[in-house]
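The values are calculated or read from the model by the stated rules, or taken from the named source; none is laboratory data. For clarity, every value in this text was computed on a predicted model and none was experimentally measured. Here Cβ is always computed from backbone atoms with ideal geometry, including for glycine, and neighbour counts include all displayed protein chains.
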Amino acid sequence: MKRTRPPAAAALLAVPLVIALSSPTAAVGEPTPPADATRAAATADASGNAKTPADPTEQSAATEKPGAATEKPGSSGAKSDAPGTQVERIVVLDPNQAAQLAPTAQRGKALGRVRAQQSALQAGARAAGIKLRTTYTYQHVVNGLAVSLPADQVDELAALPGVTQVVQPQRFDPPPPIPRLAKQAQQRALAAATDLGRDNVTVTKLTGVRQAHQRGFDGEGVTIGILDSGIAWDLPAFGGGTFPNERVVGGYDFADGDPDPYDDGTFGASGHGTHVAGIALGNDDKMTGVAPAAKLRAYRVFNDEGASEQSLLAALDRAAADKVDVINMSLGQTGMRSNSPISLAVDQVSASGIPVVVAIGNGLAGPFNAGSPAVARSAIAVGSVYSEQLPWLAFTLNDGSGDAIPYVLGSSNGRTPATGTFPVVELTGGCDPLPAGSLTGKIALFGALDGFECRGMDQARVAEAAGAAGAFYYNDQFNDEDFPFTICCGPAVQMPIAMLRGRDAKRILATDNPTISWGAYAGEQLPDNLKGRPALLSSWGPGNELEFKPDVVAPGEGIFSTVPPKMGYYAQNSGTSMAAPHVTGVIALLRQANRSLTPEQLATVVANTARPAALTAGDASRLHPTAQQGSGLVNAAAALDLLQQKAPTVTPSRLAFGDLEGRQAVRQLQVTNPGATPVSYRVEHRPAVSAAPPYTGSWKPTAAAASARATKSIVTVRPGATTRVNVTVREPAGVPAGTLLGGWFELTPVTPGQRAIRVPYQAVSGDLDAVSAINPTFTDLNPGLDNPALRPADFSFGKSEPITVDLTDDDTGNDSAWVMVSHGFPLLERFRLQVLNAKGRVVATPVDESWVTRNSGAGTGMDFLSWDATLPGGGTAPAGEYRLRLVFDKAMGDPDGAPAQQTWTSPVVTLVS
C-alpha cells in the first residue's frame with residue numbers, strides 16, 4: 001500500500017487543476033531521574049468461497065464496527081504495534097490529584113499523594129511482570145508518567161488499578177526556519193517610515209500597547225514561561241551575560257535534558273523561541289516587546305525532529321512548579337482532540353491559576369483547522385492579523401532626502417549602534433593592508449569582488465585592522481535590489497557588518513563626504529485593507545468538538561523581533577506563533593495591574609474589550625467570521641481601562657452554541673457591575689458574515705446570518721450586583737448544513753462614561769454530520785475529474801473508471817489500483833480504504849488511520865491511496881473482481897457519541913494474478 005500526495009503541479013493535466021498540499025500545523029518536569037518533573041493469511045478466492053483453511057481476515061462489511069480504530073486517544077493503542085517491539089505511552093492516573101490543583105497550603109500533601117499513586121503503579125507493573133521504563137513523571141498539573149514498554153504488554157498496563165488512560169504520544173512538528181531575509185524586502189523597494197520607531201517596531205500601533213507603556217504598565221513583577229526552541233539569553237534584549245540572569249531567571253532544556261535552554265541558532269527550529277520571547281518581553285536599544293520589564297523562564301522542547309508530547313507535558317509540569325504567571329505555547333498539531341493529554345494538561349494548568357496562551361496554527365485552509373493544544377477548552381487560542389508594515393532596521397544618509405535606508409546584519413559578533421553619526425569611506429584597495437588607525441571612527445564600504453582571492457570577510461578583516469567602527473557590504477554582481485545572502489568567508493570580525501542592497505551602496509558612493517546616522521527604521525506600508533485584518537494563513541475555528549476558537553487575534557504577520565546572534569540578532573517572521581506572544585504580553589500587563597485575576601477572568605477582560613475586524617476597512621456592517629477572528633483584535637489599553645475603572649464585565653465572554661439542528665439555542669449572560677454607580681446597557685446583535693461548506697481556504701462569505709436577540713433590550717445593573725439576561729440564536733433559512741454562523745452580542749452603554757462590551761458567539765447550521773466527507777470543491781474547480789476516483793496509476797487524474805491490475809505481465813505500471821480522494825470533513829475518527837471481493841466482503845484494509853484531518857486545503861488537496869493485491873498476511877489475492885471502498889467515520893461534537901459513517905465504493909478492479 002502506498003499513500004502519497006502530489007506535487008503542486010497543475011501542468012499534469014490539460015484541464016485546470018488546483019492543488020493544495022495539506023500539512024500539520026507548524027511548535028511536568030525533568031527526565032527521570034529526578035522523579036519530580038519531573039495480520040493471519042487470507043485464502044478466500046475472488047468469488048468469496050472459502051478455501052481450506054477458511055479466510056480469517058474476511059469480514060462482512062455489514063457487521064464491521066464503525067469507529068473501531070486501530071489507535072485512538074484514550075485507548076491502549078497496542079494493536080498498531082507488532083508484539084515485542086518497544087513502544088512509548090503516556091499513562092494518566094487520577095487527574096484530579098495533580099498537586100497544583102490543591103489549595104496552596106495543601107500542595108505539599110497533595111504532591112505526596114501523587115507520588116504514592118505513581119509508586120504504587122510502578123510496583124504493580126513490576127508485580128505483573130510488565131517491563132516498564134519510566135522516562136518522565138508528571139506530578140504538578142498532570143498525575144501521570146511517560147513510559148516505554150513492550151507493545152504486547154500495553155493492555156496489561158491499562159488494566160492496572162488506578163490507570164485512567166494509556167495514550168500513544170504525539171510528535172509536534174518543528175516550526176519552519178526563520179527566513180534570513182523577508183522575500184518582500186528583497187523584491188520590493190522599502191518606503192521610508194517616518195512614524196516607525198523602537199516603541200512600535202515590534203508591538204505595532206494596532207493594539208494599544210504603546211499607550212499601556214505610557215501609563216506605566218510594562219510587565220514589572222510578572223514572570224512569563226515560554227515553551228519553544230529555547231532562548232538566546234546572551235542577547236541584550238534578555239539581559240545578556242550568563243544564564244540565569246536578571247531577565248531570564250530560569251528554565252530547562254527538555255529536548256536535550258540540559259539545565260540550560262540556550263537557543264544557539266544552529267538547528268532547524270532555532271530562533272523561533274527567541275523571536276517569540278522578543279515579542280512578549282524583549283527590551284533593548286532597537287526594539288521593545290509587549291511586556292518589556294517582565295522576567296522569563298524558558299523551556300526548550302524543540303529539536304530538529306520537533307517536540308514530543310512527553311517533553312511538552314514535562315515542560316508544563318515544570319512551569320507550574322516554577323509558579324510562572326502566564327505560559328506561551330507557539331506550537332500545535334492538528335488531528336488531536338480537546339481530551340488529548342496535552343490539552344487536558346493545559347486545562348489543568350489553567351485550573352491551577354496560570355493562564356495558557358496558545359497559537360491556533362497556520363493552516364492556510366479555512367474553517368475547522370485549529371491545532372492542539374489550542375483546542376483545549378481553557379486555552380486562550382490566538383489567531384493572526386496583518387500588521388501595519390514590514391519593518392527593518394535602517395540608517396539615514398546626509399544626502400538631504402531624510403530617507404531611511406534598510407540593512408541586514410551580516411556578522412554574529414557585532415551589533416550596530418543604537419545612535420551615533422559616522423563618516424563612510426570606500427575601501428578601494430581590496431585586501432591590501434591599511435595603516436593602523438586610518439579608519440578609526442569610520443564605516444568602511446566595500447562590495448563583492450570577482451574571484452576567491454579577496455572575499456567579503458577578508459576585506460572586513462582589513463578594515464577592522466585599520467580601526468574601522470563597522471562595515472557596509474554589498475553584492476551587485478546579480479542585481480541591485482537584493483540584500484547579500486551572506487558575507488564570505490573565514491574568521492569573523494568583532495565589528496558590526498551591515499549588508500546593503502547594491503542601489504543603496506551606490507547612493508552612498510554618490511554622496512559627497514557621506515555620513516550615516518544609526519537609529520532609523522524602514523518599513524513597507526501595508527494597504528489599509530490589510531492592516532489589522534485576519535491573515536490568510538491563520539487557522540480558523542471552531543474546535544473539532546465545536547469549541548469557541550480562536551479566542552482572540554493579534555498582529556502576527558511581518559513581525560520584527562530578536563533571533564540568536566548567529567542568525568543576525570533581528571529578523572522578521574510571520575504566523576500565529578508571533579501573534580500568541582503578543583497576547584501573552586498583554587496578559588502580563590493585566591496581571592501587573594491586578595494579580596488576583598483568574599485565568600478565566602483575564603480571558604474575559606481580553607474578550608470583552610477586543611475590537612472586531614471588518615471585511616472591508618471602515619465597513620462595520622460586514623465583520624469577519626468569529627470562527628476566523630474570535631472576539632476580535634486584542635486591545636491592551638481598553639483592557640486596562642476596564643480594570644482600572646472597575647467597569648462591568650460579561651460572562652461567559654465567548655459563546656459556543658454548537659450545531660443548531662434547526663432549533664433555537666439559548667444561553668445566559670451575566671453582567672457584573674463592580675463599580676459604585678448603576679449602569680445601563682442596550683443589548684444589540686452585530687452579525688458576522690457566514691461561511692458555508694465546503695471547508696477550504698477558498699471560502700466564500702455569505703450575508704445569511706443567524707437570527708439572534710436578547711430577552712431584555714435594556715439591562716440595568718446596580719452597584720456590586722449581577723444581572724442575568726438570556727440570549728437566543730436561530731439559524732437562517734435556506735443555508736446548507738454546516739454553515740458557520742457568528743456575531744456579537746454588543747452591550748452599548750446608555751449610562752455616560754461607560755465602554756461598550758462585546759460577547760462573540762459561534763454556531764453551526766443544521767447537523768454537522770450532514771456535511772459531506774467528500775470535498776465537492778474538487779470537481780467544481782476541475783469538472784473533468786471525479787472525486788473520489790479509481791485510477792490506474794499514482795498522480796493519475798480523470799474520471800473514476802474500471803481498471804485492471806495485471807501481475808502476470810512485465811509492465812510494473814499496472815500492478816496497483818489507486819484511489820484519488822479529496823476529503824473535507826473537519827475530523828475523521830477513523831478513515832479506511834477497504835478491499836471488497838465479489839461477495840462484498842472485506843478481504844483487506846490497506847489504509848486504516850485514526851483522527852484524520854481534512855486534506856481539502858485551499859480547495860483541492862488530495863491523497864492517492866493504493867492496493868497492490870496484497871492480503872493481510874502478505875500473500876497475493878486470487879484473480880477475480882474486486883472493489884475498493886473508502887469509509888469515513890466522522891468524529892462527533894459529542895465526545896461520547898458514535899461517529900456518523902459515509903462510504904464510497906469504486907468501479908470494478910479486475911485482478912489478473
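For residues that are assigned to a loop (DSSP other than H, G, I, E, B), more than 19 Å from Gly414 (Cβ to Cβ) and under 32 Å from the mean Cα position of the chain (by Cα), tally how many sit in the range 486-531.
The total comes to 6.
Please state which of the following conditions Ile354 fails to meet, knowing it meets all the rest: (1) more than 18 Å from Ala280 (Cα to Cα); (2) outside any strand (DSSP E or B).
Unmet for Ile354, out of (1) more than 18 Å from Ala280 (Cα to Cα); (2) outside any strand (DSSP E or B): (1).
Working only within the range 569-601, note down all residues that are of a type in the set (A, V, I, L, M), crowded, with 24+ Cβ neighbours inside 10 Å and more than 20 Å from the chain's Cα centre (by Cα).
Those that are of a type in the set (A, V, I, L, M), crowded, with 24+ Cβ neighbours inside 10 Å and more than 20 Å from the chain's Cα centre (by Cα): Ala588, Leu589, Leu590.
Please give the number of the condition Gly363 fails out of (1) within 23 Å of the chain's Cα centre (by Cα); (2) not assigned by TED's automatic domain parsing to the domain that holds Gly575.
Gly363 satisfies all of (1) within 23 Å of the chain's Cα centre (by Cα); (2) not assigned by TED's automatic domain parsing to the domain that holds Gly575 except (2).
Scan the range 447-481 residue by residue and report those that are closer than 24 Å to Pro406 by Cβ, modelled with pLDDT under 90 and among the hydrophobic types (A, V, I, L, M, F, W, C).
Selection gives Phe478 alone.
Being surrounded by fewer than 23 Cβ atoms within 10 Å (Cβ to Cβ), under 27 Å from Asn283 (Cβ atoms) and in contact with a strand residue (DSSP E or B) (Cβ under 7 Å, 6 or more places away or on another chain) is the requirement here; does Lys531 meet it?
Yes; evaluated as a whole, the condition is true for this residue.
Please work out if Pro555 is more than 21 Å from the chain's Cα centre (by Cα), in the same structural domain as Ile279 (by TED's automatic domain parsing) and over 29 Å from Asn339 (Cβ atoms).
Spelling it out, it is not the case that Pro555 is more than 21 Å from the chain's Cα centre (by Cα), in the same structural domain as Ile279 (by TED's automatic domain parsing) and over 29 Å from Asn339 (Cβ atoms).
Could you please let me know if Gly402 is in a loop (DSSP other than H, G, I, E, B) and in contact with a Ser or Thr (Cβ under 9 Å, 6 or more places away or on another chain)?
So Gly402 fits the description; yes.
Working carefully through the options Pro826, Pro776, Pro802, find the one that is more than 30 Å from the chain's Cα centre (by Cα) and of a type outside the set (S, T, N, Q).
Result of the check over Pro826, Pro776, Pro802: Pro802.
Examine the range 785-804 for a residue that is assigned to a strand (DSSP E or B), touching a helix residue (DSSP H, G or I) at 6+ places or on another chain (Cβ under 9 Å) and surrounded by fewer than 18 Cβ atoms within 10 Å (Cβ to Cβ), and state whether such a residue exists.
So far as the range 785-804 goes, yes, one or more of its residues are assigned to a strand (DSSP E or B), touching a helix residue (DSSP H, G or I) at 6+ places or on another chain (Cβ under 9 Å) and surrounded by fewer than 18 Cβ atoms within 10 Å (Cβ to Cβ).
What are the residues in the range 642-668 that are under 27 Å from Ala212 (Cα atoms) and surrounded by 17 or more Cβ atoms within 10 Å (Cβ to Cβ), if any?
Within the range 642-668, Leu642, Leu643, Ala647, Pro648, Thr649, Val650, Thr651, Pro652, Ser653, Arg654 meet the criteria.
Evaluate the range 343-356: report whether one residue or more is among the small types (Gly, Ala, Ser), surrounded by fewer than 23 Cβ atoms within 10 Å (Cβ to Cβ) and closer than 30 Å to Ile516 by Cα.
no
Residue check: is Ala627 assigned to a helix (DSSP H, G or I) and closer than 30 Å to Val771 by Cα?
Answer is yes for this residue.
Looking at this structure, is Ala193 within 30 Å of Ser401 (Cα to Cα), within 22 Å of the chain's Cα centre (by Cα) and either at pLDDT 90 or above or not basic (Lys, Arg) (or both)?
On the way: within 30 Å of Ser401 (Cα to Cα): yes; within 22 Å of the chain's Cα centre (by Cα): no; either at pLDDT 90 or above or not basic (Lys, Arg) (or both): yes.
Answer is no for this residue.
Return the pairs, sorted by first residue and then second, in which the second residue is among the charged types (D, E, K, R), the first residue lies in the range 660-674 and is under 25 Å from Gln645 (Cβ atoms), the beta carbons are less than 9 Å apart, and the residues are 6+ apart or on different chains.
Leu669/Arg724; Gln670/Arg724; Val671/Arg724; Asn673/Lys646; Asn673/Arg718; Pro674/Lys646
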